[in-house]
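The values are calculated or read from the model by the stated rules, or taken from the named source; none is laboratory data. On a predicted model such as this, the values are computed, not experimentally measured, just so you know. FYI the Cβ positions are ideal-geometry reconstructions off the backbone, even for glycines, and counts take in every protein chain you see. The protein model used for the area step is the full one, side chains on, heavy atoms only, and it has no ligands, DNA or RNA in it. Shrake-Rupley method; radii C 1.70, N 1.55, O 1.52, S 1.80 Å.
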Amino acid sequence: MEYRIKPARKFRGRWEAGGDKSLTHRAFLFNAMAEGEALISNASGGDDCARTRIIVEMLGAEVTANGRHQWRVRGCAGSFKAVDEVFDCGNSGTTMRLTAGLLASQAHSYELDGDESLRGRPMERIKAPLELLGAKVELADGGKPPFKIHGGGLKAGKYESPVASAQVKSAFLLGALRAQGDSSFREPALSRDHSERILGSMGVKMTQDLDGWLHISGPQLPMAKSIIVPGDISSSAFLLAAGLLIEGSNVVVKNVGVNPTRTGLLKVVERMGGKIAVYHPREELGEPVADLLAQFSVLKGVELLPEEIPSLIDEIPILAALASQAETASEFHGLAELRHKESDRLEACQRMLEAFGTESSVLGDTLRIEGRARLRSCEFDPIGDHRMAMAATILALCAKGESRILNTDCVATSFPEFPSIIRRMSVNALESVEVSS
Ligand code: S3P
């Protein structure tokens, strides 16, 4: 599939945000391990979370559809079935890495695999903490998937992660939860803390000391907990960015998860002079939620520091798009982790900016983007990376002439409604987005 996009004169409308991908994965995985039954509402409709849902079902959790984006899950109370088939994680790193943590405590052998992009992503970072707890992990050459795990008989351990990664942290916590004894975990900077919050609301006891060490005693079993999944700020970011960039625009996104470990984008946009207002703050299972309103703004360049990257790691492509339109240059520092996402996103961001006629350069793990770009229409291939496809679509709405974003099937991994929402919110004499196969 490809999108053909004409410039939008304005971008206006309202979206009830679809469920957050990170939270949906966790709602399925944690409730599958738990004792009891839970209702998961506003689950992400993307392919990534469907992979997780199918895997927990194969493992013995009872999963039934209960309406649009709503699932009833009866957990396995800590014991999963042996499964001979290979689990297909598709494009989803979160599925592979968190499921591995879930399986570490099971006295069976399992194999997880994925598509070409996932087969290129590093898994040593999960092998090390799970082996410390006593599981055995086999990987293909270079520490990549397929991922084989032989679990059971876990013992507590102390692990200091070299990367700030919520996937590493969550895999470790899922193992430690079922291990015998007191385990601890620390990371170099705080990554998204959804696992800590949701497990906490499911009755799991976990503490964090002043030096940043998380402490968890095992074995513990979470109690099933229903959740209305807050909206996905990472998907919302694309619509909010279109609102900021296109003159006369006004975009409302309702029910967005605004956990502070995910809202780096809001802080950075504020520093750029962008107007995103936050309304009606509330909470769902310990997760902050709010409504967001973005309005057209004149932006200035910004400097991103390495320590703020974990809180906006998935928003770098759309922040790069915003920076291209700022009045001054921007520098994003500390982007090494971007090379290990669904594509090498540091290279992909530069390729996208260049395609639209923006000057940028990469030095080490710093991306510099010259502002004031007069965007030209272009053809851009996101090479299987959903966030690159969506960031490029937003730039195309601001470019002169018609652009083509190729191979956009990947968008369905996280945000299947994206093309129809863009079409609905783009004010233009002609339809802004044409989707063709
Ligand atoms: C995720 C964590 C992040 C993020 C990914 C989802 C999660 O990855 O990029 O899209 O749900 O835990 P890392 O934790 O590896 O940085």
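Things to note:
- Counting only DSSP H runs of at least 4 residues, each contributing -39500 (n - 2.57), and dividing by the residue count of the chain, the helix-based mean residue ellipticity at 222 nm comes to -9000 deg cm²/dmol.
- When both region 15-91 and region 295-358 are represented by their alpha-carbon centers, they are found 32 Å apart.
- List ARG424, ARG186, ARG74, ordered by accessible area with a 1.4 Å probe, largest first: ARG424, ARG74, ARG186
- Net charge dipole, the chain: roughly 820 debye, given to the nearest 20, about the Cα centre with Cβ charges of +1 for Lys and Arg and -1 for Asp and Glu.
- Accessible area (Å², per residue) of region 21-228, counting only protein heavy atoms and a probe of 1.4 Å: 38
- Computed from the alpha carbon positions, the gyration tensor of region 1-117 leads to an equivalent ellipsoid with semi-axes of 31, 19, 10 Å, biggest first.
- Potential lengthening between TRP213 and GLU131 on full extension [0.36 nm per residue; Cα-Cα distance subtracted]: 27.6 nm
- Label-point gap, in nm, between GLU35 and GLU354 - each point 7 angstrom along Cα→Cβ: 5.8
- Stretch gain in nm, segment ALA189-VAL427, where the contour uses 0.36 nm per residue and the Cα spacing is subtracted: 81.5 nm
- Computed packing ranks the peptides 365-373, 280-288 as 365-373, 280-288, most packed first, by mean other Cβ atoms within 10 Å.
- Once the Cα gyration tensor of the chain is diagonalised, semi-axes √(5λ) in Å: 37, 22, 21
- Rough spin-label spacing in nm, given labels placed 7 Å along Cα→Cβ, for THR328 and LYS81: 6.1
- Carbon and sulfur %, accessible surface of the chain computed with the full protein complex present, 1.4 Å: 48
- When DSSP beta bridges are restricted to pairs lying wholly in region 18-123, around 80% turn out antiparallel.
- The overall shape of region 291-423, judged from the alpha-carbon gyration tensor, is rounded, with an a/c ratio under 1.5.
- Over 20 Å (Cα to Cα) - which of LYS144/LYS341; LYS155/LYS205; LYS10/LYS400; LYS81/LYS205; LYS127/LYS169; LYS21/LYS341 fall in this group: LYS81/LYS205
- Probe 1.4 Å, protein heavy atoms only - accessible area per residue of region 259-340 in square angstrom: 38
- About its Cα centre, region 21-228 has a charge dipole of approximately 380 debye under the convention of +1 per Lys or Arg Cβ and -1 per Asp or Glu Cβ, with nothing else charged.
- Taking a point 7 Å out from the Cα of SER226 in the direction of its Cβ, the residues of region 37-57 whose backbone N falls within less than 13 Å of it are 37-42.
- Taking a ≥ b ≥ c as the square roots of the Cα gyration tensor eigenvalues, region 21-228 comes out rounded, since a/c falls below 1.5.
- Relative contact order for region 21-228: 22 percent, from Cα pairs under 8 Å spaced at least 6 residues apart, divided by residue count.
- For the chain, share of DSSP beta bridges that run antiparallel, in % to the nearest 5: 75
- Annotation for LEU363 and ARG14: the two label points, set 7 Å from Cα along the Cα-Cβ direction, are 4.8 nm apart.
- Residues listed by number, region 161-177, amide nitrogen under 13 Å from GLU124 label point at 7 Å toward C-beta: 162-163
- Ordering of 230-237, 199-206 by packing [mean C-beta count within 10 Å, highest first]: 230-237, 199-206
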